[in-house]
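Engineer: Dropping the structure in here first, questions after.
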Amino acid sequence: MPNITVNGVKLHYLDKGEGPAMVLVHGFQSSGFAFAPVVDRLSERFRVLVLDLRGHGDSEKPLGLYTIQTFKEDVLAFIDALGLDQVDYMGQSMGGRTGTMFAIDHGDRLRRLLLVSSSASAPSGAYRAHFEGLLKIAKSDGLASIFDSDNYQSRVPKQLREGALAIEFRERFLKNTPETYASTGNALFTMPDLIPRLNEIKVPTWVCHGGDDEGPLAFSDVYNEGLPNARRVIIPGSGHHPVWDNTDLFMSELDKFLAEFPIS
């Protein structure tokens, strides 16, 4: 899988398939592995570009605090470096936060926006406490302790809790460091409130949340009310990772949206 240097940072990505480009961007301290169940299916119709953000996966991990704006500008530089005029963008969790800001600031570079388990402002309440608790563990005990904690495992898809996939998932997670965990936590906690600006997003937008995803699920209504051209889907019985929890239903609903808003 290739690497590309943008904004002075070497980013790792998967490039698979042919056709219109679709960029996939993962969530907090994850990697492109987050999209493993759907990459092959999508690559039958698209050139799928699965990016590891800076500080994540196999990309470089520069020191210093990250912001959602940092990730947004890395995505812009990434598609520029590949010579892409417009793309479809799918973002999961923090990748959706990044995509929301990208669509506001660089909407002319998008054909369609696909938001999965996304939020449009910084975490608050119990959801913020979840991240703060994990950050404390990272600083005191390291990444392995985070991975093994009930706080973290409670949100991990069941397919990734045992067997070969669980081993691979753990290995990929442990490529992160306490330093990048803190750097990326800053991106979440300092995210600007984008809710008042959602009406600036003009491209067709698919908003997908798991029915059991406490915290982000509240933004299903926020996006649906704030976006002028949105289609909302709630995957029943799914948590924060509907790509894994119910892959077939996820793809079925996505296909409906893509058919409703075809590439002209």
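Laboratory data are not the source of any read-out in this text; all were calculated from the coordinates shown. Please read these numbers as outputs of a predicted model, since none were measured by experiment. We place every Cβ from the backbone using ideal geometry, glycine too, and count neighbours over all the protein chains shown.
Engineer: Roughly what would the spin-label model give for PHE189 and LYS158, points 7 Å off Cα along C-beta, in nm?
Structural biologist: 3.5
Engineer: Okay, moving on. Rounded to whole Hz and in sequence order, give me ³J(HN,Hα) for the range 47-54 from the Karplus expression 6.51 cos²θ - 1.76 cosθ + 1.60, θ = phi - 60°, writing x for Gly and Pro.
Structural biologist: Karplus-based 3J(HN,Hα) across the range 47-54 equals 7, 8, 10, 9, 9, 8, 5, 4 Hz.
Engineer: So what's the net charge close to LEU160: Lys and Arg +1, Asp and Glu -1, counting the other residues with Cβ under 11 Å from its Cβ? Before the final figure, lay out the partial values.
Structural biologist: Details: positive: ARG155, LYS158, ARG161, ARG170, ARG172; negative: GLU162, GLU168, ASP245.
Computed value for this residue: +2.
Engineer: Still on this structure: In a Gaussian network model over the chain where Cα atoms closer than 10 Å are linked, find which of THR177, THR98, THR205 has the largest mean-square fluctuation.
Structural biologist: Fluctuation is largest for THR177.
Engineer: Continuing with this model, one more query. Per residue of the range 138-149, what does 6.51 cos²θ - 1.76 cosθ + 1.60 with θ = phi - 60° give for ³J(HN,Hα)? Whole Hz please, x for Gly and Pro, Karplus curve as stated.
Structural biologist: Couplings: 4, 6, 8, 10, x, 5, 4, 5, 4, 4, 8, 6 Hz.
Engineer: Less than 10 Å Cβ to Cβ from PHE71, Lys/Arg counted +1 and Asp/Glu -1: what total charge do the surrounding residues give? List each step's numbers first, then the result.
Structural biologist: Details: positive: ARG54, LYS72, ARG97; negative: GLU73, ASP74.
Local charge sum for PHE71: +1.
Engineer: So if we plug the beta-carbon distance of THR177 and SER264 into 1/(1 + (r/R0)^6) with R0 = 41 Å, what FRET efficiency do we get, rounded to 0.05? Can you show the working numbers first?
Structural biologist: On the way: r = 44 Å, r/R0 = 1.07.
With a Förster radius of 41 Å, E is 0.40.
Engineer: How do SER140, SER149, SER119, SER183 line up, fewest other C-beta atoms within 10 Å first? Let's see the in-between values first.
Structural biologist: Working: SER140 9, SER149 14, SER119 26, SER183 22.
Ranking SER140, SER149, SER119, SER183 by Cβ neighbours within 10 Å, fewest first, gives SER140, SER149, SER183, SER119.
Engineer: Under 10 Å, Cα contacts only: if you run a Gaussian network model on the chain, which one of LEU198, LEU82, LEU65 comes out with the highest mean-square fluctuation?
Structural biologist: Answer for the Gaussian network model of the chain: LEU82.
Engineer: Going by how many other beta carbons lie within 10 Å of each one, how would you line up ARG128, ARG97, fewest first?
Structural biologist: Working: ARG128 14, ARG97 30.
Ordered by Cβ neighbours within 10 Å, fewest first: ARG128, ARG97.
Engineer: In whole Å, what is the distance between the alpha-carbon centres of the range 57-84 and the range 248-264?
Structural biologist: Here the answer is 27 Å between Cα centres.
Engineer: What is the sum of charges around SER93, taking Lys and Arg as +1, Asp and Glu as -1, for the other residues whose C-beta is under 11 Å from the C-beta of SER93? Mind dumping the intermediate values first?
Structural biologist: On the way: positive: ARG97, ARG155; negative: ASP213.
Taking every Cβ under 11 Å from that of SER93, the sum is +1.
Engineer: Moving to a separate point now. Please check: in the Gaussian network model of the chain (C-alpha springs, under 10 Å), which one of ILE146, ILE167, ILE79 has the largest mean-square fluctuation.
Structural biologist: Among ILE146, ILE167, ILE79, the largest mean-square fluctuation in the Gaussian network model of the chain belongs to ILE167.
Engineer: Additional query: If I take R0 = 30 Å and measure r between the Cβ atoms of LEU249 and LEU76 in this structure, what FRET efficiency does the formula 1/(1 + (r/R0)^6) give, to the nearest 0.05? Can you show the working numbers first?
Structural biologist: On the way: r = 32 Å, r/R0 = 1.06.
Step by step, r from the Cβ atoms, then E = 0.40.
Engineer: For the range 4-107, what is the largest minus smallest coordinate of the Cα atoms on each principal axis, given in angstrom and ordered from greatest to least?
Structural biologist: Between the extreme Cα coordinates on each principal axis of the range 4-107 lie 38, 26, 24 Å.
Engineer: Just subtract the alpha-carbon distance of ASP105 and LYS136 from 0.36 nm times their residue separation and send over the number in nm, one decimal. Let's see the in-between values first.
Structural biologist: Numbers: separation 31, 0.36 × 31 = 11.16 nm, distance 3.31 nm.
Between ASP105 and LYS136, full extension yields an extra 7.8 nm.
Engineer: Once phi is turned into θ = phi - 60°, what whole-Hz ³J(HN,Hα) does the Karplus curve with 6.51, -1.76 and 1.60 give for every residue of the range 85-96, x standing for Gly and Pro?
Structural biologist: Ordered by residue, 3J(HN,Hα) equals 7, 9, 9, 8, 10, 10, x, 9, 6, 4, x, x Hz.
Engineer: If you count the DSSP beta bridges with both ends in the chain, what percent of them are antiparallel, to the nearest 5? All intermediate terms of the calculation are to be shown ahead of the outcome.
Structural biologist: Working: 8 of 33 bridges.
Percent antiparallel among DSSP bridges in the chain is about 25.
Engineer: Can you list the lysines whose alpha carbon is less than 25 Å from that of LYS16, not counting same-chain residues fewer than 8 positions off?
Structural biologist: Hits, sequence-local ones excluded: LYS61, LYS72, LYS175, LYS256.
Engineer: Turning to a different aspect of this structure: What are the residues whose amide H is under 5 Å from the amide H of PHE28, where those residues sit 5 or more places off or on another chain and H is modelled from the backbone?
Structural biologist: For PHE28, whose amide H was placed from the backbone, the distant partners under 5 Å are MET94, GLY95.
Engineer: Using a 7 Å offset from Cα along Cα-Cβ at THR5, what residues in the range 41-74 end up with backbone N under 15 Å from the label point?
Structural biologist: 60-62
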